[in-house]
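Asker: Structure incoming, see below.
The values are calculated or read from the model by the stated rules, or taken from the named source; none is laboratory data. Given the structure is predicted, the values throughout are model-derived calculations rather than measurements. Cβ coordinates were reconstructed from backbone atoms using ideal geometry, including for glycine residues, and neighbour counts include every protein chain displayed. For accessibility, only protein heavy atoms count, side chains too; no ligands or nucleic acids. Shrake-Rupley method; radii C 1.70, N 1.55, O 1.52, S 1.80 Å.
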Amino acid sequence: MMPELPEVETTLRGIAPHIDGKKIEKVIIRQFKLRWPIHPNLAQILAGRKVLACNRRAKYLIITFETGILLIHLGMSGSLRIFTANDERIATPDKHDHLDFVFDDGTVLRYHDPRKFGAVLWYEGIAEHHPLLEKLGPEPLSDDFDANYLYQKLKTQKRAVKLALMDNAVVVGVGNIYANESLFKAGISPLRPANKLTKKECALLVETVKAVLQRAIETGGSTLRDFVNSDGKSGYFQQEYTVYGRHNEPCVQCGGLIFKETLGQRGTFYCPNCQK
């Protein structure tokens, strides 16, 4: 299980106020081998550079500098932590603390990743042109993701609606947990062919996706194995799951049992009574 959009948004909101507008004094790299190798000259490239903006696109964090962007993905178990100047933990990094971005006021942004499946990529250009970002669908919380868009996107797709909803070319950042929860709240079976949804159902699904993600952001995301936010705290959205991870437990609406099937190699949880 990897951090999904709410966890990444929570991380962004946690780190941005601490680093936006500040200059990097130095970068300490303890491990260059992540999912993709870290640029061998990253420390030299970023030394003295000022952070112009911090943003998120899908599950990627984007830190913008005058000469390019730093693209960060948390992978399966990654996290970013903020340490203020003089925090004693700065001097005692964990064995999985692979990078420190040290700012001129003593603030440290630390990248932690036990599985080393995340990424810290330097790109000399604007974010929209990065190969990992240029073909992505709209953000689910944006106005571009609406009923008409989703209906037009799904009407030619015969695959299960849950698979379509998790496709970043359709809409970004709706991972497994939030796809399960959104489809339950919309009363739509995850197994339904995507092209069988009516425009009214698409409107309801868009509404529930936005509501579920917004609620997850408000509660700090879910606790996904090692996920913690920038303060080292776990998320709490998992306490509100209605179907995810509740195989053979009673449905919160009808009392029937929650079913589990595998779609696209991912666990799919639903109530056959409430979802059609």
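Asker: Six or more apart or on different chains, Cβ under 9 Å: which pairs go from a residue in the stretch 133-161 that's of a type in the set (Ser, Thr, Tyr) to one that's open to solvent by 40 Å² or more (accessible area, probe 1.4 Å) and not in a helix (DSSP H, G or I)? Could you list them?
Answerer: What qualifies is 151/198.
Asker: All but one of (1) closer than 30 Å to residue 188 by Cβ; (2) modelled with pLDDT of 95 or more; (3) buried (at least 19 other Cβ atoms within 10 Å of the Cβ) hold for residue 143, so report the exception by its number.
Answerer: Here residue 143 meets the rest and fails (3).
Asker: Please enumerate the residues belonging to the stretch 113-124 that are within 14 Å of residue 96 (Cα to Cα) and crowded, with 21+ Cβ neighbours inside 10 Å.
Answerer: 113, 118
Asker: I would also like to ask the following. Consider residue 71 against the criteria (1) open to solvent by less than 60 Å² (accessible area, probe 1.4 Å); (2) without any contact (Cβ under 8 Å) to a residue 24 or more places away in the chain; (3) not in a helix (DSSP H, G or I): it satisfies all of them except one. Which criterion is unmet?
Answerer: (2)
Let's see how each residue does on (1) under 20 Å from the mean Cα position of the chain (by Cα); (2) closer than 19 Å to residue 130 by Cα; (3) buried (at least 16 other Cβ atoms within 10 Å of the Cβ); (4) modelled with pLDDT of 95 or more:
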{"position": "24", "(1), (2), (3), (4)": "no, no, yes, yes"}
{"position": "34", "(1), (2), (3), (4)": "yes, yes, yes, yes"}
{"position": "37", "(1), (2), (3), (4)": "no, yes, no, yes"}
{"position": "42", "(1), (2), (3), (4)": "no, yes, yes, yes"}
